[in-house]
Each structure stands twice: as structure tokens, then as C-alpha cells.
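Visitor: Got a structure for you, questions after.
The values are calculated or read from the model by the stated rules, or taken from the named source; none is laboratory data. Predicted model, so just to flag it, every value in this text is computed and none were measured. For neighbour counting, all protein chains shown are included, and Cβ atoms are generated from backbone atoms with ideal geometry for every residue, glycine included.
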Protein chains: 2
Amino acid sequence: MAKTRPTLKDIAAALNLSHPTVSRALADHKGISPETKARVRQTAERLGYVANSSARMLRQGQSSVIGLLLPDMTNEFYAAIAQRVADDCSAQNRQLVLSISAGDSERELSLVRALLEARPSCVIAALTEKPKPETIAYLRNAYCVQIMYPHDELDGPVVTVEDSSGARIAIEHLVKLGHERIGFVGPSAEFALGEARLRGLRQAMRAAGLSVEEHYTRLGPSDAAFGYEATQALLALRCPPTAIYLSTAPLSLGGAFALNARQAKVPGDVSVVVAGGADWHAIWPGGLTSVTLPITELADTASNLAFQAGRKSRAKGHRSVCLPFELHECASTGPPAQRRG
Amino acid sequence: MAKTRPTLKDIAAALNLSHPTVSRALADHKGISPETKARVRQTAERLGYVANSSARMLRQGQSSVIGLLLPDMTNEFYAAIAQRVADDCSAQNRQLVLSISAGDSERELSLVRALLEARPSCVIAALTEKPKPETIAYLRNAYCVQIMYPHDELDGPVVTVEDSSGARIAIEHLVKLGHERIGFVGPSAEFALGEARLRGLRQAMRAAGLSVEEHYTRLGPSDAAFGYEATQALLALRCPPTAIYLSTAPLSLGGAFALNARQAKVPGDVSVVVAGGADWHAIWPGGLTSVTLPITELADTASNLAFQAGRKSRAKGHRSVCLPFELHECASTGPPAQRRG
DNA sequence: ATGAAAGCGCTAACAA
DNA sequence: TTGTTAGCGCTTTCAT
């Protein structure tokens with residue numbers, strides 16, 4: 001049976017003190033004799049006293065809860081965000097309340113409602129694509145840091161990733177190495193994210209003075225099977241690209257299988273830039289050059305904004321941060337092979 | 001500014017009612033006129049009323065919080081557990097407070113302490129290998145469901161996975177198909193999990209009347225690089241195994257790369273059983289035969305035990321559940337090729 | 001240096 | 001059907 005835990009009064013009774021004195025002793029207030037503090041702490045320890053955050057919250061009018069609303073934990077990206085935010089919270093003695101919307105705006109509404117019952121000092125939210133108006137209304141009366149794809153009718157701090165920068169960084173890197181025939185495997189515009197990434201590709205290619213060739217650009221669902229198939233197709237072309245950019249993590253894995261199956265020399269036959277950092281990159285000696293989401297920085301930025309809730313500083317215009325992707329140069333990219341003839 | 005939200009009194013004042021009446025109306029108690037209920041609900045809606053769970057908890061002496069303590073969210077297995085438990089919680093209108101110990105028992109202690117401040121009705125915990133005695137002491141006075149690798153000094157419900165069953169199921173499946181030369185790639189006993197899985201292999205082989213051949217058994221770190229290397233080595237043997245069991249998810253991925261690189265026909269040249277379910281299995285037409293952790297069942301079992309907290313039913317001896325792995329037959333396993341000569 | 005009293009928002013017992 | 005009262009555990013005045 002989960003026995004009811006001891007309260008301040010229990011400690012007070014054990015020491016013939018009043019419970020406010022015990023409270024002040026534990027909070028290390030000045031004006032309590034060191035000796036009393038020591039006795040109180042000792043007794044608290046002995047009784048297994050743990051403060052009741054509900055009572056504290058009720059009294060103080062503010063809780064130590066940070067709400068985190070994410071669409072999906074099976075996505076390694078969001079899982080990494082959750083991990084980092086959890087780390088940040090524990091470092092600041094904050095409670096993390098986690099809600100998973102599964103991309104369902106109806107569910108998101110009920111989760112937000114439930115979350116607000118805990119009166120979180122801040123909600124860090126990656127909202128669904130089309131949140132219900134009620135959800136926005138609820139969040140408007142709370143302090144909310146939006147991440148990833150912000151809903152613009154909700155003001156407050158926003159931490160996003162500059163979506164087009166992934167392609168730009170990858171392409172710039174390849175162009176600098178001398179590549180001109182660059183293959184691109186990405187999510188098609190019908191799927192989430194597709195459009196922005198494709199736009200990034202076009203911008204980067206234009207900036208490099210290259211044109212986006214139809215047959216070098218393979219768009220489809222962002223899964224390993226398509227990455228495999230599309231990369232196979234690119235490698236099988238009569239005049240294959242000298243470099244390939246695989247623009248999402250699942251596509252990268254599929255693409256890696258394709259390279260492997262063809263026993264393509266990397267970067268001898270073809271240079272490769274993949275998306276995301278993963279364990280299996282180590283299979284290639286020297287690793288794979290990759291473009292990654294700035295997960296740690298994103299999570300830390302959001303956490304810090306969250307922890308500022310309640311301070312005056314945030315009254316001055318909501319800070320918005322837009323982080324670029326990061327390039328990690330490894331052994332899978334190099335100059336293109338000399339053309340024959 | 002996160003304005004202070006309206007309270008029951010605000011609603012009561014707006015309608016010339018007493019706040020307990022409003023409370024009962026919102027809780028749909030009988031003995032309140034339907035008309036009043038309607039008016040109250042409407043006004044609550046209009047004012048954006050959201051209950052204060054701290055006040056409710058303080059009054060009722062029990063919260064709707066479920067604590068979830070996990071070692072690592074970047075591990076896809078734990079991420080999937082978190083996802084499912086979060087789903088279960090939202091279905092039951094419970095709050096999920098997440099804590100990540102990172103395998104650090106010191107940190108685990110401070111997280112448990114912080115968690116208990118919220119007076120969770122239950123803590124679902126995958127404890128570190130050697131929890132601090134204080135951690136155990138704290139949890140002893142709470143209702144705690146342990147998952148995965150339980151600490152036996154802490155009583156209460158336990159939900160585990162029958163570690164040796166993965167190998168048993170895989171081997172039995174292969175033996176039934178007629179295989180005798182079976183390769184095994186697994187985590188060595190020095191690494192966590194290693195021992196139990198290896199024991200599972202030995203049991204299964206013995207049960208099948210087969211002996212564990214030294215050169216068919218490759219043990220090392222549970223990562224893709226080792227899986228790749230070990231599988232390559234198995235395939236390169238003069239007399240290679242006719243089937244291979246890759247016993248963890250990262251090893252499976254590495255092994256898949258090796259099969260691919262050698263252009264091994266699966267299951268023609270070699271049958272393969274992998275561990276875990278993943279997107280990339282779809283690259284093989286018909287998929288890969290796999291042995292998976294019963295993630296959903298494990299999470300649901302833990303959640304249900306958690307939701308029972310406070311009921312009398314749990315007084316009767318702590319229910320312990322030990323779930324077996326699951327076999328998913330796909331196209332990567334078949335009878336061994338005919339021996340030559 | 002310590003105690004007494006009040007009140008945060010809610011619900012449950014009792015009264016009307 | 002509704003109102004009154006009390007109290008959960010804590011912190012914060014204010015008094016001693």
C-alpha cells in the first residue's frame with residue numbers, strides 16, 4: 001500500500017516545532033538557527049520526507065512543470081529531442097510532462113487541456129499541422145515555446161530548423177569538391193516536409209549555377225525501401241551522378257543498402273551525403289559525410305526559453321530562433337572521378 | 001504573460017452560484033439541475049476554465065500522475081515503450097511524468113525523489129543495474145511497477161521479458177526448417193544483456209540436439225559495425241552456416257549490410273532471422289523473419305498494473321509477468337539448400 | 001529565532 | 001436542488 005507520506009507537521013511534531021519553522025529550515029532560510037536546521041534535516045531524512053509539489057504549487061501559484069508535446073516518439077528525431085529536454089529539466093529540477101499527439105489534432109486538443117491542468121510554467125510544443133482553434137486558444141493563455149513547424153497565430157518564442165539549409169549545405173559541399181552531376185533523393189511534396197526540402201535543393205543548385213535535372217531527382221515516400229530503389233535507379237543510369245544527396249534518415253539507410261548492393265566505391269565511384277547521424281555509418285571506414293538536424297541545440301534553446309517563463313525578460317518581444325543544419329565531413333565525399341576521354 | 005486562469009469561484013460569481021455547485025455541475029453529479037449544468041458548462045467554456053490538478057490532488061489525496069523512469073530515449077526500444085505508455089495514459093486521462101536516468105544511479109536517485117514530489121499514483125520504472133539503496137527506500141513507500149531488469153529487493157509487480165526466449169524461438173524456427181549449421185551473432189557477455197542471450201542460445205541448441213560451434217558463434221559489441229564484420233566472417237567460412245540469427249537490432253542492421261554486400265541469396269544461400277522490427281526490412285521482398293520484443297504488450301501490461309494503483313486488487317500478492325519474444329515469419333527463412341555430393 | 005494565522009483551488013460532508 | 005463549512009500541505013505575512 002502506498003502509505004501516505006510524512007508531512008511538515010509530522011516533522012514538526014517529532015521535534016516540538018511549528019511546521020512553518022520546519023518549512024523554513026528545509027528551505028535554508030536565514031533566521032533559523034543552524035542547529036535547528038540540522039535537526040530538521042536529519043529528521044526529514046529519517047522519516048523519508050518528500051515535499052508535496054501540489055501543495056507548494058497551490059500556495060506559490062506556479063509549478064515546476066514543463067509540458068512537452070510531440071507528435072511521435074518512434075521518430076528518432078523527436079525521441080532525441082525528448083531525451084535532451086528531459087536532461088535539461090532534470091538539471092534544473094523541473095518536472096517533464098510528456099504528451100504524444102500522434103499527429104492527431106483532436107487528440108492534441110485533449111492533451112493540451114489535460115496538460116494545462118498541471119499549470120505548467122511552460123509548454124514546449126511541436127504542434128500538428130492544423131491544430132484546432134481551441135488548442136490555440138488554450139495555449140494563448142499559457143507560456144508556450146513552439147518548435148519545428150510553428151503555428152503562426154500563436155505568438156511567443158519559436159525555435160525552428162531552417163528547412164532548406166540541409167540541401168544547401170550538402171550541395172555546396174559537393175559543388176566545392178567539383179561535382180556537377182548531383183543526384184537527389186528526397187520526400188516528394190505530397191508528403192510532409194517534402195516541399196521545403198525540394199525548395200532548398202532548387203535554391204542550392206541555382207546558387208551553384210547548376211540546373212536540377214529531372215532524372216537526377218527522385219522523389220517519393222521517406223522510407224528505406226524508396227531510398228533503396230531510387231538510389232539503385234540513379235546508379236543504373238547510363239550517365240550516373242558523381243554524387244548523391246540522400247535527404248532524410250530513412251532514405252539514407254535505403255540508399256546505403258543500394259550502394260552496398262552495387263558494391264559502389266565511395267567516394268571513388270560516387271560521393272554520398274546522408275541525412276542524420278546513426279550507428280551504422282561506422283560500417284564505412286571513415287564514416288559517411290552527413291547533414292544533421294541541430295537536435296541538441298534545438299532542444300537546449302527551447303529548454304532555456306522554457307526556463308525563462310515568469311521572468312520579465314521575455315516580455316520584450318518573443319525571441320525567435322531558426323537553426324541551420326550541420327555538416328559533418330567524413331570519408332564518403334571527395335572529388336569526382338576523372339571523366340573518361 | 002501567463003495570466004492566472006479562472007477558478008471555480010469565477011464561474012460561480014458569473015452565475016450567482018456557489019463554487020461547490022459549480023464543481024458538482026462540472027463533475028456531472030446527480031442532484032444538480034440539468035439546466036444549471038448546462039449554464040455552468042457553457043460559462044466554463046466561455047471563460048476558458050481548466051481545472052487545477054494540484055488543488056484537486058491536494059484535496060483528494062491522490063494524483064493522476066504516472067511516473068515513467070527509463071534509462072535512455074535514444075534506444076528505440078525504450079522510445080517505443082514511452083510512446084505506448086503515453087498512449088495508454090492519455091486514454092485514461094493520466095499525466096505522464098518522464099524521467100531519464102541515463103543509466104546513472106546517482107541521477108536516478110534525484111529523479112525518483114523529484115518524481116515522488118508529484119505523488120504519482122504509480123511509478124513505472126526500468127531501474128539501473130545497481131540502484132542506490134536510498135532509491136529503493138523511496139520507491140518502497142510508493143506503488144512501483146518494475147519493467148525489464150527488476151531489482152529484487154523491491155517488491156511489487158514486475159513485467160519482464162524472458163530474455164532467453166528470443167534465441168529459443170529463432171533457433172526452433174530454423175531447426176524446424178531443417179537447419180543444422182546455425183550461425184549466431186550476439187552481444188558478448190561483457191556487455192549488458194549478453195549473458196542471458198547467450199544462455200538462451202545454448203539452451204535452444206541443446207534442446208535441438210545441436211552443439212554450439214565455436215566458429216559459428218560471434219560475440220562482440222551490439223552495434224552495426226560488429227554485426228557487419230561478424231556476418232561477413234560467417235559467410236566467408238569454408239563451410240558457412242546455412243542460417244544466421246542476428247540477436248539484437250543494431251547487429252541485425254549490420255548483418256543485413258553484410259548479406260547485401262556479398263549479394264547473398266536469402267534464403268537461398270542463407271536463411272536469416274533478425275531482431276526487432278524496422279522500416280528497412282521492407283527492402284527485402286517479402287520482408288525479414290524477425291524476433292521482436294513484445295513492446296506493446298509489455299507497455300500495456302505495465303500501464304494496466306499502474307492504473308490499478310489504489311484498488312484493493314493489488315493487495316493480493318504482486319502479479320509478475322514474464323513475456324516471451326515474438327516470431328514474425330517472413331521470406332528470409334526457408335529450408336537449407338541441398339548439400340552437394 | 002520561532003509561532004500563529006491565513007489562504008492558494010478544490011471536493012466532500014453536512015445543512016437547508 | 002443548492003449553499004455553508006472545512007481542510008488537504010504548503011509558504012508567507014505578521015506577531016512575538
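Visitor: Would you call B:A118 away from DNA strand C (no atom under 16 Å from the Cβ) and at pLDDT 95 or above?
Guide: Working: away from DNA strand C (no atom under 16 Å from the Cβ): no; at pLDDT 95 or above: yes.
Spelling it out, it is not the case that B:A118 is away from DNA strand C (no atom under 16 Å from the Cβ) and at pLDDT 95 or above.
Visitor: Continuing with this model, one more query. Does any residue of the stretch B:131-138 turn out to be more than 10 Å from every other protein chain (Cβ to nearest Cβ), assigned to a loop (DSSP other than H, G, I, E, B) and within 16 Å of the chain's Cα centre (by Cα)?
Guide: Going residue by residue through the stretch B:131-138, those that are more than 10 Å from every other protein chain (Cβ to nearest Cβ) are B:131-133, B:135-136.
From what's left, assigned to a loop (DSSP other than H, G, I, E, B): B:131-132.
Now narrow it down to the ones that are within 16 Å of the chain's Cα centre (by Cα): none.
The answer is no; no qualifying residue exists.
Visitor: Please specify each residue of the stretch B:15-47 satisfying the condition of being among the small types (G, A, S) and either in the same structural domain as B:A118 (by TED's automatic domain parsing) or modelled with pLDDT of 95 or more (or both). Lay out the reasoning, then the answer.
Guide: Step one: filter the stretch B:15-47 for residues among the small types (G, A, S), giving B:18, B:23, B:25, B:27, B:31, B:33, B:38, B:44.
Passing the criteria: B:S18, B:S23, B:A25, B:A27, B:A38, B:A44.
Visitor: Identify all residues within the stretch B:208-226 that are within 24 Å of B:H173 (Cβ to Cβ) and facing chain A (nearest Cβ under 9 Å); write none if there are none.
Guide: Answer for the stretch B:208-226, where residues must be within 24 Å of B:H173 (Cβ to Cβ) and facing chain A (nearest Cβ under 9 Å): just B:A224.
Visitor: Determine which single condition B:S54 fails, assuming it passes every other condition in (1) assigned to a helix (DSSP H, G or I); (2) over 23 Å from the mean Cα position of the chain (by Cα); (3) more than 7 Å from chain A (Cβ to nearest Cβ).
Guide: With (1) assigned to a helix (DSSP H, G or I); (2) over 23 Å from the mean Cα position of the chain (by Cα); (3) more than 7 Å from chain A (Cβ to nearest Cβ) applied to B:S54, the lone miss is (3).
Visitor: Against the conditions (1) more than 26 Å from A:T296 (Cα to Cα); (2) in contact (Cβ under 8 Å) with a residue 60 or more places away in the chain, where does A:D155 fall short? Just the number, please.
Guide: Here A:D155 meets the rest and fails (1).
Visitor: Read through the list (1) within 21 Å of A:V112 (Cα to Cα); (2) touching a Lys or Arg at 6+ places or on another chain (Cβ under 7 Å); (3) more than 10 Å from chain A (Cβ to nearest Cβ), then give the number of the only condition that B:I32 fails.
Guide: (1)
Visitor: Identify, please: which residue in the stretch B:62-79 is of a type in the set (S, T, Y) and either surrounded by 19 or more Cβ atoms within 10 Å (Cβ to Cβ) or in contact with a Ser or Thr (Cβ under 8 Å, 6 or more places away or on another chain) (or both) and is, among those, farthest from B:D10 (Cα to Cα)?
Guide: First, the residues of the stretch B:62-79 that are of a type in the set (S, T, Y): B:63-64, B:74, B:78.
Checking which are either surrounded by 19 or more Cβ atoms within 10 Å (Cβ to Cβ) or in contact with a Ser or Thr (Cβ under 8 Å, 6 or more places away or on another chain) (or both) leaves us with B:63-64, B:78.
Working: B:S63: 24, B:S64: 25, B:Y78: 43 Å.
This residue is B:Y78.
Visitor: Those residues that are more than 7 Å from DNA strand C (Cβ to nearest atom), under 20 Å from A:Q60 (Cβ atoms) and surrounded by fewer than 11 Cβ atoms within 10 Å (Cβ to Cβ), I need them from the stretch A:17-35; list them, please.
Guide: Within the stretch A:17-35, A:A27, A:D28 meet the criteria.
Visitor: Return yes when A:R24 is assigned to a helix (DSSP H, G or I), within 14 Å of chain B (Cβ to nearest Cβ) and out of contact with any helix residue (DSSP H, G or I) (no Cβ under 7 Å at 6 or more places or on another chain) and no when it is not.
Guide: Values: assigned to a helix (DSSP H, G or I): yes; within 14 Å of chain B (Cβ to nearest Cβ): no; out of contact with any helix residue (DSSP H, G or I) (no Cβ under 7 Å at 6 or more places or on another chain): yes.
Considered against the rule, which asks whether it is assigned to a helix (DSSP H, G or I), within 14 Å of chain B (Cβ to nearest Cβ) and out of contact with any helix residue (DSSP H, G or I) (no Cβ under 7 Å at 6 or more places or on another chain), A:R24 comes out as no.
Visitor: Same structure, new question: Looking at A:A82, A:A91, which is the one that is aliphatic (A, V, I, L, M), closer than 30 Å to A:A249 by Cβ and surrounded by fewer than 19 Cβ atoms within 10 Å (Cβ to Cβ)? Lay out the reasoning, then the answer.
Guide: On the way: A:A82 fails: surrounded by fewer than 19 Cβ atoms within 10 Å (Cβ to Cβ).
Just one listed residue meets the conditions, A:A91.
Visitor: In the stretch B:93-123, what residues are among the acidic types (D, E) and within 7 Å of chain A (Cβ to nearest Cβ)? Can you show your working first?
Guide: If we filter the stretch B:93-123 for residues that are among the acidic types (D, E), which is where we start, we get B:104, B:106, B:108, B:117.
Result: B:E117, single match.
Visitor: Here is a follow-up. When you check B:R46 against the structure, is it at negative phi, within 11 Å of DNA strand C (Cβ to nearest atom) and of a type in the set (K, R), yes or no?
Guide: On the way: at negative phi: yes; within 11 Å of DNA strand C (Cβ to nearest atom): no; of a type in the set (K, R): yes.
Against the criterion (at negative phi, within 11 Å of DNA strand C (Cβ to nearest atom) and of a type in the set (K, R)), B:R46 does not qualify.
Visitor: A:S99: within 14 Å of DNA strand D (Cβ to nearest atom) and among the small types (G, A, S), yes or no? Walk me through how you get there before you give the answer.
Guide: Numbers: within 14 Å of DNA strand D (Cβ to nearest atom): no; among the small types (G, A, S): yes.
No.
Visitor: Looking only at the stretch B:284-306, count every residue that is crowded, with 24+ Cβ neighbours inside 10 Å and without any contact (Cβ under 8 Å) to a residue 60 or more places away in the chain and tell me the total.
Guide: Of the residues in the stretch B:284-306, 2 are crowded, with 24+ Cβ neighbours inside 10 Å and without any contact (Cβ under 8 Å) to a residue 60 or more places away in the chain.
Visitor: Further question on the same structure: Which residue, of A:R39, A:R59, is surrounded by 15 or more Cβ atoms within 10 Å (Cβ to Cβ), in a helix (DSSP H, G or I) and within 12 Å of DNA strand C (Cβ to nearest atom)? So that I can check it myself, show each step before the final result.
Guide: Values: A:R59 fails: surrounded by 15 or more Cβ atoms within 10 Å (Cβ to Cβ).
Just a single option satisfies the conditions, and that option is A:R39.
Visitor: Given the criterion more than 16 Å from DNA strand D (Cβ to nearest atom), over 39 Å from the mean Cα position of the chain (by Cα) and more than 30 Å from A:E129 (Cβ to Cβ), identify the matching residue among A:A14, A:A38, A:A25.
Guide: On the way: A:A14 fails: more than 16 Å from DNA strand D (Cβ to nearest atom); A:A25 fails: more than 16 Å from DNA strand D (Cβ to nearest atom).
It is A:A38.
Visitor: Could you check the stretch A:132-157 and list, in sequence order, the residues that are surrounded by 20 or more Cβ atoms within 10 Å (Cβ to Cβ), at negative phi and not aromatic (F, W, Y)?
Guide: Passing the criteria: A:T135, A:L139, A:A142, A:C144, A:V145, A:Q146, A:I147, A:P150, A:P157.
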